[in-house]
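Structure first, then comments.
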Amino acid sequence: MAAGGLRLRGISILVGLGLAAGLMGGILGIGGGALVVPGLVFFFNFSQHRAHGTSLAVVVCLSVASVLTYSSHGRLDLLLSLEMAVGGVIGAMFGARAVRGIDGRSLRLIFGVFLALVGARMMWGGLVGRNHLPSAGAGALDYGTLNGCAVAVAVGLATGFVSGMLGIGGGTVMVPAMVLLLGVPQQTAQGVSLAVMLPTALTGMAIHHAMGNVDMVAGKWVGLGAIVGALAGANVAVRASPGALKLAFGAFLLVMSVLMALKRK
């Protein structure tokens, strides 16, 4: 996309797209690719590969802004982020290989049911006002110990495997896994999710950039909107009640599961 070819309307759409993605990412602790990719394809006729590459550049901007905000409010566990990232990367590689033996229709069914179940569980947790799963006992976990590290890496492995197999953003799986399995507070889980997302997005962006799949002009304007949106969204999230965030996250997953059920191809 040439800089001179962008008119005010185009710039406004790009910035608005980034703003919406940033708000969603900052509030829920997920990447904004679910909005950015289809937005670039629909409004600017991007190829799928170019949209994905440009989206990863936007996710980097969104993640940095959100992580700084979550960290400044004490809602980021760096050690847990590292352990989850290690497990997630390894798990994703196995998950991506496992998907080869599953046909598309079955995969969509698994995806939709998974999102619906997790979304319903998150909403239930929000409705009853629980920050931790009572039986998890994870509140006492010290991630600096061998036992705590092993548990965090194991959850990261499972998260990465599901994410790689279903082809969905890590935050969509990682946040519920930390909240429901590790008993991590909702805001901290979202901060960790965004921190883990950053190196992954950076790596993917570098690879796509080398292949010419990152549009720097579009990325600049969408990234600008994403930074503003992420800062606003993250500030809302760290001040919101955990129950409200769980309800919002669960509703988001349920909407995604319905969209998957409606998809024909």
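If you take the residues in the stretch 11-31 that are in contact (Cβ under 8 Å) with a residue 40 or more places away in the chain and not hydrophobic (A, V, I, L, M, F, W, C), which one is farthest from Phe43 (Cα to Cα)? Once the filter is applied, the top-ranked residue is Gly29. Pull up the stretch 66-81, narrow it to residues that are assigned to a helix (DSSP H, G or I) and not hydrophobic (A, V, I, L, M, F, W, C), then point me to the one that is surrounded by the most Cβ atoms within 10 Å (Cβ to Cβ). For the stretch 66-81, the residue satisfying everything is Ser66.
For the stretch 106-141, which positions are charged (D, E, K, R) and at pLDDT below 75? Within the stretch 106-141, Arg108, Arg130 qualify. If you check Ser63, Ser55 for being within 14 Å of Gly233 (Cα to Cα) and buried (at least 24 other Cβ atoms within 10 Å of the Cβ), only one passes: Ser63. Go over the candidates Ser47, Ser12, Ser81 one by one and state the one that is within 20 Å of Thr159 (Cβ to Cβ), modelled with pLDDT of 85 or more, of a type in the set (S, T, N, Q) and out of contact with any Gly (no Cβ under 6 Å at 6 or more places or on another chain). Just one listed residue meets the conditions, Ser81. When each of Gly171, Gly183 is tested for being surrounded by 20 or more Cβ atoms within 10 Å (Cβ to Cβ) and assigned to a loop (DSSP other than H, G, I, E, B), the lone residue that passes is Gly183.
Checking Lys220 against (1) at pLDDT 90 or above; (2) within 18 Å of Leu82 (Cβ to Cβ); (3) surrounded by fewer than 23 Cβ atoms within 10 Å (Cβ to Cβ): exactly one of these is not met. Which one? For Lys220, the exception is condition (2). For the stretch 237-250, does any single residue satisfy the condition of being β-branched (Val, Ile, Thr) and within 27 Å of Leu14 (Cβ to Cβ)? There is no residue in the stretch 237-250 that is β-branched (Val, Ile, Thr) and within 27 Å of Leu14 (Cβ to Cβ).
The values are calculated or read from the model by the stated rules, or taken from the named source; none is laboratory data. Source: prediction; values computed, not measured. Cβ coordinates were reconstructed from backbone atoms using ideal geometry, including for glycine residues, and neighbour counts include every protein chain displayed.
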